[in-house]
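One structure below.
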Amino acid sequence: MKLGVLLILALLLAVVGSVSYLAWRQSVPGVQSLTPAPRFIGQKTTLTITLEARRGNVARVEVRVVQDAKSTTVTRQEGAFGRRVELPLTIESASLGLREGAATLEVWARDDFWRPLRVDDRAVAAYPVTVDMTPPKIELLAATRYVAPGGSGLVAFRVTGASRSTLTAGRLALPSFAWGPAERGTRIALLALPWDTAPGTPFTLSAEDEAGNTAARGVPAELRPRRFPHDTIDIKDAFLQVKVPELLPQRPAGQPLVEGFLVINRELRRQAEDAKRRIGATTADRPLWEGRFVQPRNTKVFANFAETRVYVFGGRQIDTQVHYGFDLASTRRSPVPAANTGTVVFAGPLTIYGNTVIVDHGLGLQTLYAHLSSVEVKVGDAVEKGQQLGRTGNTGLAIGDHLHFEVLVNGVSVTPLEWWDAKWIRDHIEKPLLEAGLPQIGGDEGPPRPPAKPARRPAR
């Protein structure tokens with residue numbers, strides 16, 4: 001009798017265990033969608049469908065668009081995808097026969113995990129979307145007619161139905177900003193041309209809406225040639241003995257000073273240029289400057305913008321670099337005034353530039369003051385034209401006491417000569433605004449401007 005009871009209990013345990021095991025397998029949830037919810041489908045929309053199986057592997061994926069009770073399959077794939085799958089997907093609305101309006105994007109999927117009872121395929125996610133196949137509209141209102149490498153300009157335009165718009169000069173993307181009455185939808189962008197901009201470089205306005213629809217229009221600016229100077233810099237041992245330990249304290253013991261100099265002149269210079277681009281991405285969304293920019297009094301240019309420098313040590317050429325901005329000579333520890341009204345966005349050491357101040361003037365326009373012996377402002381300070389920022393010095397990779405001065409547009413160094421020239425500003429900045437019927441910068445036309453907001457990388 002005891003043996004019989006034990007056998008019955010064992011049988012019961014086996015049955016209960018088996019039923020519990022089968023019930024557990026049946027209850028395991030299926031595939032889940034981790035796809036961020038899309039809001040729009042445009043003419044050609046690219047997205048990534050991300051799926052994950054709770055158990056087993058994703059075995060089948062199907063994506064459908066449902067509109068007016070009609071279901072259209074976008075893609076259907078089967079196979080051993082693994083536990084997690086990221087499926088790139090392109091939806092071409094016209095070829096699928098979609099129309100503008102409301103629709104639902106459905107994601108169907110199943111895994112290969114065995115269950116006692118087959119579960120019918122089902123939609124694991126359904127996303128309400130709007131089908132929008134109308135591209136934005138771009139209207140070019142005015143632009144600087146003649147530009148040159150290392151120079152600047154302005155483009156005024158109107159966009160309709162876009163979430164972002166960008167001005168490009170070749171591969172360089174430049175942000176745009178709302179300007180003028182809000183109901184007009186007008187925008188302006190400062191054009192910056194690197195010193196080595198090649199002949200034939202196209203200038204293009206592009207716009208994109210939330211559905212990914214795009215539009216583009218060329219800007220008919222004429223690129224005129226410009227030549228830049230060359231110079232030779234003779235590096236002395238005394239200079240290396242002072243500057244290399246100062247700028248490269250982590251230099252390995254026993255490394256020749258000239259090798260340390262090359263690290264400074266190449267790697268630290270590149271780091272400084274990258275920093276200028278990053279700093280240039282944070283700018284006020286309205287102009288803070290008024291009128292022309294001023295050159296410090298009693299200064300003389302002794303090194304030019306975009307000057308190609310050949311560095312010579314011990315009678316042999318060791319490096320070649322391009323010098324941005326102007327070097328301005330004056331008396332030792334001369335006051336350094338702000339070239340125009342703005343806000344300090346950087347104040348501190350900046351690799352080869354030594355103690356540096358960068359002032360933001362809005363719309364991506366900034367000025368840089370380097371090699372300072374002292375800094376008398378801090379980040380966030382509002383400064384007026386002519387206000388003292390610090391004093392000249394020889395910090396950084398400077399041979400003697402002087403001011404290194406740059407004008408930057410979205411982090412791209414351009415020639416200061418243009419912005420020092422009131423006539424150039426009238427012809428190349430104010431004239432396009434006048435032709436477009438927009439308020440002048442620093443003028444009284446137009447509605448009162450709101451306080452400046454720090455911009456992210458503005459509307460592109």
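The values are calculated or read from the model by the stated rules, or taken from the named source; none is laboratory data. Owing to the predicted nature of the structure, the values given are computational and were not obtained by experimental measurement. Ideal geometry is used to build each Cβ from the backbone, glycine not excepted, and the neighbour counts take in all protein chains shown. The accessibility values were calculated without ligands, DNA or RNA, using every heavy atom of the protein model including side chains. Shrake-Rupley method; radii C 1.70, N 1.55, O 1.52, S 1.80 Å.
Considering (1) open to solvent by 60 Å² or more (accessible area, probe 1.4 Å); (2) within 19 Å of residue 126 (Cβ to Cβ); (3) of a type in the set (D, E, K, R); (4) in contact (Cβ under 8 Å) with a residue 24 or more places away in the chain, the lone condition that residue 52 does not fulfil carries the number (1).
When 286, 292 are checked against the criterion of being touching an Asp or Glu at 6+ places or on another chain (Cβ under 9 Å), touching a residue at least 24 places away in the same chain (Cβ under 8 Å), of a type in the set (Lys, Arg) and within 27 Å of residue 423 (Cα to Cα), 292 stands alone in meeting it.
Pull up segment 95-151, narrow it to residues that are in a loop (DSSP other than H, G, I, E, B), open to solvent by 60 Å² or more (accessible area, probe 1.4 Å) and without any contact (Cβ under 8 Å) to a residue 60 or more places away in the chain, then point me to the one that is nearest to residue 59 (Cα to Cα). Explain how you work it out, then say what you get.
So the first thing to find is which residues in segment 95-151 are in a loop (DSSP other than H, G, I, E, B), and the list is 95-100, 112-122, 132-136, 144-145, 148-151.
Then keep just the ones that are open to solvent by 60 Å² or more (accessible area, probe 1.4 Å); that gives 95, 99-100, 112, 114, 117-120, 122, 134, 145.
Adding the requirement that they be without any contact (Cβ under 8 Å) to a residue 60 or more places away in the chain leaves 95, 99-100, 112, 118, 120.
Details: 95: 27, 99: 32, 100: 33, 112: 6, 118: 14, 120: 14 Å.
Here the answer is 112.
Does residue 19 satisfy being without any contact (Cβ under 8 Å) to a residue 12 or more places away in the chain, in a helix (DSSP H, G or I) and loosely packed, with under 10 Cβ neighbours inside 10 Å? Here the answer is no, as residue 19 does not meet what is asked.
Please go through segment 250-266 and give me each residue that is assigned to a helix (DSSP H, G or I) and more than 30 Å from residue 417 (Cβ to Cβ), ordered by number.
Of all residues in segment 250-266, those assigned to a helix (DSSP H, G or I) come to 257-266.
Residues satisfying the conditions are 257, 258, 259, 260, 261, 262, 263.
Consider residue 460 carefully, then state whether it is outside any helix (DSSP H, G or I), open to solvent by 50 Å² or more (accessible area, probe 1.4 Å) and at pLDDT 95 or above. In short, no.
The set of residues in segment 60-79 that are outside any loop (DSSP other than H, G, I, E, B) and of a type in the set (A, V, I, L, M, F, W, C) comprises 61, 63, 65, 66, 74. Among the residues of segment 180-190, the ones that are open to solvent by 10 Å² or more (accessible area, probe 1.4 Å) and modelled with pLDDT of 95 or more come to 1 in all. Close contacts from segment 315-332, counting a first residue that is under 15 Å from residue 300 (Cβ atoms) and a second that is β-branched (Val, Ile, Thr), with Cβ to Cβ under 6 Å and a gap of 6+ residues or different chains, come to 326/301; 328/299; 330/299.
Here the condition is being at pLDDT below 95 and closer than 18 Å to residue 414 by Cα; of 281, 272, it holds for 281 alone.
For segment 316-339, the criterion of being surrounded by fewer than 22 Cβ atoms within 10 Å (Cβ to Cβ), part of a strand (DSSP E or B), out of contact with any strand residue (DSSP E or B) (no Cβ under 8 Å at 6 or more places or on another chain) and on the phi < 0 side of the Ramachandran plot is met by at least one residue. Does segment 211-238 hold any residues that are acidic (Asp, Glu) and either surrounded by 11 or more Cβ atoms within 10 Å (Cβ to Cβ) or without any contact (Cβ under 8 Å) to a residue 40 or more places away in the chain (or both), and which are they? Passing the criteria: 231, 234, 237. Each residue in segment 297-311 was checked for being at negative phi, exposed (fewer than 14 other Cβ atoms within 10 Å of the Cβ) and part of a loop (DSSP other than H, G, I, E, B), and 1 pass. Within segment 253-270, the set of residues being open to solvent by less than 80 Å² (accessible area, probe 1.4 Å) and at negative phi comprises 255, 256, 257, 258, 260, 261, 262, 263, 264, 265, 268, 269. Among the residues of segment 352-363, is there at least one that is open to solvent by less than 30 Å² (accessible area, probe 1.4 Å), of a type in the set (D, E, K, R) and assigned to a strand (DSSP E or B)? Within segment 352-363, one or more residues are open to solvent by less than 30 Å² (accessible area, probe 1.4 Å), of a type in the set (D, E, K, R) and assigned to a strand (DSSP E or B).
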